[in-house]
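K.L.:
Next up is a structure, given as C-alpha cells.
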Amino acid sequence: NILDYDGSLFDRTQPTVVGSHLSWWNDGDGCRKHPEAGLWLCDWTPQRQLAYTDYEYPLAQAAHSNPMISAMAANNTVDMGGQFPFTSNTGVTGFGHRVWTF
C-alpha cells in the first residue's frame, strides 16, 4: 500500500490511500476498487491513517518441529487456495482505526 499525496497515481484529485486487491482495504465510504488495476483506492482523511505492526516468529525453530512450515520455507509460498508469497517481511499494514486480530 501507499499514500498517494496528490492522487496523481490514479488520476484522482485528492490524497489517496492505495491498497491491494484484498477487501481488507475496503474502508467503506470514499473507497472504490479500481476497475483495471483491481486495487482499492480510498480518499485519505485524518481518520484514515495507515498503521503498521511487526511481529516475530522464529521460522528456523518452527521448521524443525513442523513439516508444513519447513515446506513453506523451502519454496517461499503458502498454499491457501492460491499462492501467497512467504517472505521474511513479517509486518502487516492497514488502517489504524480498525481492530486487528492475529
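K.L.:
Which one of these is among the hydrophobic types (A, V, I, L, M, F, W, C), at pLDDT below 70 and surrounded by 10 or more Cβ atoms within 10 Å (Cβ to Cβ): F10, F86?
P.N.:
F86
K.L.:
For segment 20-32, give me each residue that is modelled with pLDDT of 90 or more, closer than 19 Å to Y52 by Cβ and of a type in the set (G, A, S).
P.N.:
Once the filter is applied, which keeps residues that are modelled with pLDDT of 90 or more, closer than 19 Å to Y52 by Cβ and of a type in the set (G, A, S), segment 20-32 yields nothing.
The values are calculated or read from the model by the stated rules, or taken from the named source; none is laboratory data. Just so we're clear, the structure is a prediction, and the values are computed from it rather than from any experiment. As a convention, Cβ positions derive from the backbone with ideal geometry for all residues, glycine included, and neighbour counts pool all protein chains shown.
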